[in-house]
Amino acid sequence: MAPWWQRLLRVVLWLSLGVILGIASGLLLGWVVWPIEFTEADPTVLEESYQQDYTVMIATAYSLDEDLNGARQRLSKLGKQDPNAWLLSVTVNHILNQSDETEIRYLVQLASDLGLYSPAMDPYLTDSATNGAVE
Amino acid sequence: MDEHRFETQHQREQWLRSHGPRLSAASLIMIGLILGFAAALYYAWLAEPVVFTEASPARLSEPQKAQYILLISQSYEADGNWEKAQERLAALNDPDVDRTVAALLEEFLRSGESASTMKSLATLARRLGVDSVAVAVFAPQPTATSAAVQSAPTADSSTPEIRQTQTPTSTPLPTLTPTPVPSPTAVPVYRLLRQEQICQRDAPSPRIEVVAIDPFLEPLPGVEVIVQWEGGNDHFFTGYQLEKGLGYGDFEMAPGVDYRVMMADGSLMVTGLRITECNENVGGLPGGWRLTFQNTDVVQESP
């Protein structure tokens with residue numbers, strides 16, 4: 001008959017094998033197959049493309065209600081450390097990517113009203129100034 | 001049952017080692033598996049769950065979804081880009097998005113959101129095929145009548161097409177002869193154009209002031225206004241205080257009472273009106289409310 005320490009070793013080995021298999025399958029299930037799904041998210045966790053679109057919507061809504069404080073509050077909900085820098089970056093990206101011109105104008109208007117400036121905004125600012133003069 | 005007699009302790013231990021309870025390899029693996037599985041699930045779901053940072057709007061909480069839908073509606077109203085609006089709505093992954101928007105419209109209506117917010121949302125709801133009173137009021141179908149309104153010099157060019165379904169029963173200053181126009185649906189004759197707090201140092205006591213105007217922003221006398229509160233109601237007419245304007249009427253408020261106001265000829269009910277403290281630069285006085293209602297029945301008022 002095997003000595004006691006051999007039998008103990010056998011127990012430990014089989015148990016460890018089970019634990020390792022259990023951990024592996026548990027992590028696979030918990031992280032990959034059925035991860036916790038958060039459905040109570042806020043805009044801070046949105047994918048960047050959605051955050052950019054969210055910013056465009058804020059600017060578009062601002063063109064409608066002209067509520068600068070409201071727009072500022074909405075921008076802050078995106079959880080950016082510097083919401084103004086984020087807005088400026090989205091605006092410049094839209095200009096450089098030659099996105100929809102209407103959207104660019106909304107973004108430029110909001111950025112400008114918040115006191116932000118980039119040379120890329122110039123053509124759109126000049127246009128609005130001209131339009132204003134005509135009106 | 002077997003009975004064993006041992007002469008020495010050593011013999012007993014030997015017997016126990018060879019005949020005592022033994023766990024098979026499969027049982028040991030199973031125990032380990034269960035323990036490991038439970039520990040791993042605890043770790044993966046509670047201690048260190050996966051954090052999604054690349055979420056879609058479908059993951060937003062209900063209040064955030066409401067804000068998202070509002071932004072979509074305002075954007076749609078501003079740029080008229082229906083394709084874009086549809087794309088944005090699709091990101092919510094909501095199979096009943098029309099119902100969601102309709103429910104949100106009602107919720108906003110009850111919580112007293114601004115008319116412009118209601119208009120944006122109602123416009124989106126109408127485009128989604130929602131048919132409700134709120135949609136009819138805030139985003140009426142464009143018709144020949146409303147085109148006539150748009151050409152009129154009103155403050156808001158989007159005056160809804162609303163027909164009168166009821167005539168005033170009592171007019172102290174009868175300057176107008178309303179002509180009832182049959183209508184297939186009962187919709188309000190008046191809409192709330194403005195709601196503002198009144199903070200005046202020399203005001204006698206907080207009041208609900210109502211100003212009634214016609215589609216061309218002219219004051220309307222003799223308009224009946226209904227005031228309700230818990231356990232009571234009252235009514236008054238505009239035009240009795242000529243020094244304040246033909247379309248003016250008011251009602252003295254009592255502290256701690258929530259009032260509801262609507263026009264007798266039909267309007268949405270303005271709720272939650274109570275004496276509210278004004279901000280400090282006007283001395284923190286108890287303030288009343290001024291409501292401006294516009295008669296949207298252009299047929300009645302057209303020359």
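Picking from residues in the stretch B:232-277 that are on the phi > 0 side of the Ramachandran plot and in contact (Cβ under 8 Å) with a residue 24 or more places away in the chain, the one that is surrounded by the most Cβ atoms within 10 Å (Cβ to Cβ) is B:Gly239.
Taking the criterion of being basic (Lys, Arg) and at the interface with chain A (Cβ under 8 Å from one of its Cβ atoms), the only residue of the stretch B:35-70 that qualifies is B:Arg59. Among the residues of the stretch A:29-43, is any open to solvent by 50 Å² or more (accessible area, probe 1.4 Å) and modelled with pLDDT of 90 or more? Among the residues of the stretch A:29-43, not one is open to solvent by 50 Å² or more (accessible area, probe 1.4 Å) and modelled with pLDDT of 90 or more, which makes the answer no. Take the conditions (1) within 12 Å of another protein chain (Cβ to nearest Cβ); (2) exposed (fewer than 14 other Cβ atoms within 10 Å of the Cβ); A:Gln81 misses just one of them, which is (1).
Within the stretch B:71-90, the set of residues being more than 8 Å from every other protein chain (Cβ to nearest Cβ), touching a residue at least 12 places away in the same chain (Cβ under 8 Å) and of a type outside the set (Phe, Trp, Tyr) comprises B:Ser73, B:Ala85, B:Leu89. Residues of the stretch B:199-228 that are surrounded by fewer than 18 Cβ atoms within 10 Å (Cβ to Cβ), at pLDDT 85 or above and of a type in the set (A, V, I, L, M): B:Ile226 alone. How do the pairs read when you match residues in the stretch B:36-48 that are under 8 Å from A:Ile23 (Cα atoms) with residues anywhere that are open to solvent by 80 Å² or more (accessible area, probe 1.4 Å) and modelled with pLDDT of 90 or more, using Cβ under 9 Å and keeping only pairs 6 or more apart or on different chains? Close Cβ pairs satisfying both conditions: B:Gly36/A:Ile20; B:Gly36/A:Leu21; B:Phe37/A:Leu21; B:Ala40/A:Leu28. With respect to B:Leu23, is the statement that it is at the interface with chain A (Cβ under 8 Å from one of its Cβ atoms), on the phi < 0 side of the Ramachandran plot and modelled with pLDDT of 90 or more true? Spelling it out, it is not the case that B:Leu23 is at the interface with chain A (Cβ under 8 Å from one of its Cβ atoms), on the phi < 0 side of the Ramachandran plot and modelled with pLDDT of 90 or more. Yes or no: A:Ser63 within 24 Å of A:Tyr106 (Cα to Cα), facing chain B (nearest Cβ under 7 Å) and out of contact with any strand residue (DSSP E or B) (no Cβ under 7 Å at 6 or more places or on another chain)? Judged against the criteria, A:Ser63 is a match. Of note, A:Leu21 satisfies the criterion of being facing another protein chain (nearest Cβ under 7 Å), open to solvent by 40 Å² or more (accessible area, probe 1.4 Å) and over 14 Å from the mean Cα position of the chain (by Cα). Can you find a residue that is open to solvent by 30 Å² or more (accessible area, probe 1.4 Å), over 30 Å from B:Arg274 (Cβ atoms) and touching a Ser or Thr at 6+ places or on another chain (Cβ under 9 Å) anywhere in the stretch B:17-32? No, the stretch B:17-32 has no match at all. Restricting A:Trp5, A:Trp14, A:Trp31 to those that are at the interface with another protein chain (Cβ under 7 Å from one of its Cβ atoms), aromatic (Phe, Trp, Tyr) and over 23 Å from the mean Cα position of the chain (by Cα) reduces the list to A:Trp14. For the condition among the charged types (D, E, K, R), modelled with pLDDT under 80 and either over 25 Å from B:Ala212 (Cβ atoms) or surrounded by 15 or more Cβ atoms within 10 Å (Cβ to Cβ) (or both), B:Glu161 qualifies. Kindly check whether there is at least one residue in the stretch B:93-106 that is open to solvent by 10 Å² or more (accessible area, probe 1.4 Å), hydrophobic (A, V, I, L, M, F, W, C), within 14 Å of another protein chain (Cβ to nearest Cβ) and touching a Leu at 6+ places or on another chain (Cβ under 7 Å). No, the stretch B:93-106 contains no residue that is open to solvent by 10 Å² or more (accessible area, probe 1.4 Å), hydrophobic (A, V, I, L, M, F, W, C), within 14 Å of another protein chain (Cβ to nearest Cβ) and touching a Leu at 6+ places or on another chain (Cβ under 7 Å). Looking for something surrounded by 20 or more Cβ atoms within 10 Å (Cβ to Cβ) and within 20 Å of B:Glu77 (Cβ to Cβ) - is there at least one such residue anywhere in the stretch A:97-104? Yes, that holds for at least one residue. The helices (runs of 4 or more DSSP H) located wholly in the stretch A:23-132 that include 1 or more residues which are of a type in the set (Asp, Glu) and more than 28 Å from B:Ala44 (Cα to Cα) occupy A:48-65, A:101-113.
If I filter the stretch B:249-263 for residues that are in a loop (DSSP other than H, G, I, E, B) and modelled with pLDDT under 85, do I get at least one hit? Taking every residue of the stretch B:249-263 in turn, none turns out to be in a loop (DSSP other than H, G, I, E, B) and modelled with pLDDT under 85.
Here are B:Ser61, B:Ser111, B:Ser56: which of them is at pLDDT below 85, open to solvent by 10 Å² or more (accessible area, probe 1.4 Å) and not aliphatic (A, V, I, L, M)?
Result of the check over B:Ser61, B:Ser111, B:Ser56: B:Ser111.
The values are calculated or read from the model by the stated rules, or taken from the named source; none is laboratory data. Keep in mind the model is a prediction, meaning the values are calculated, not measured. Positions of Cβ are generated from backbone atoms using ideal geometry, with glycine treated the same way; all protein chains shown enter the neighbour counts. Accessible surface is based on the protein model in full, side chains and every heavy atom, while ligands, DNA and RNA are left aside. Shrake-Rupley method; radii C 1.70, N 1.55, O 1.52, S 1.80 Å.
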